[in-house]
Amino acid sequence: MRRFGGGLLFVAIACGVAAAADGYDPDLAAARIATILAGLGDDRLQSAHKVFTGVTIAPTTSAERYLRIMDEGFAKSLGVDCIHCHDPQNWARDAQRKFAITRGMWDMVYRINQDHLRKIEGIDRKARINCTTCHRGRTTPAVTMD
């Protein structure tokens, strides 16, 4: 099994798929994921923490699902591309403030879904919140209904 010490986006750059400089581009995101998955081969089915370094969010999910979580759950929900959070010189770098915020918000979403929504009587048991619930394609959570 290969382990990508530079993080998942190192694979994208190595495969020739660069990140967009600003904003979320769904076509670029789809191309990037397809290229990364092709580069991973069968390792795409392994746990993300076994394939990539620095994985703390959803570490036991498959590398393939992890890429989709990063794309759909984070990049698209915040209206950004990979380089909004990742340093292109060191994709796995964890010293950035944005990583701490992301992990804290991931924990908040998990607790709301697991601890709070489950306790509301009469609510659909499939009800869930995610990043889009508050962010709506923006880097900061929405504070109005606009």
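Every read-out reported here was derived from the displayed coordinates using simple, explicitly stated rules and does not represent laboratory data. Computed from a predicted model, the values in this text were never measured in an experiment. Ideal geometry is used to build each Cβ from the backbone, glycine not excepted, and the neighbour counts take in all protein chains shown.
For the reader, a short list of remarks on this structure follows.
- Panel order for Asp107, Asp87, by other beta carbons found within 10 Å of each beta carbon, from fewest to most: Asp107, Asp87.
- FRET efficiency for the Asp25 to Asp87 pair, using the beta carbon distance and R₀ = 30 Å, is estimated at 0.95.
- Fewest-first sequence of Phe52, Phe74 by Cβ atoms within 10 Å of each Cβ: Phe74, Phe52
- Gained length - Lys98 relative to Met145, 0.36 nm times residue gap less alpha-carbon distance: 14.4 nm
- Contact order for the range 36-78, expressed relative to its length and based on alpha carbon pairs under 8 Å spaced 6+ residues apart, stands at 32 percent.
- Note: the range 8-135, Cα convex hull, 111 Å³ per residue.
- Distance distribution P(r), the range 103-146, all Cα-Cα pairs, bin width 10 angstrom from 0: 26, 46, 27, 1 percent.
- Ala38 versus Asn113: modelled label distance in nm, points set 7 Å from Cα along the beta carbon direction: 3.1 nm
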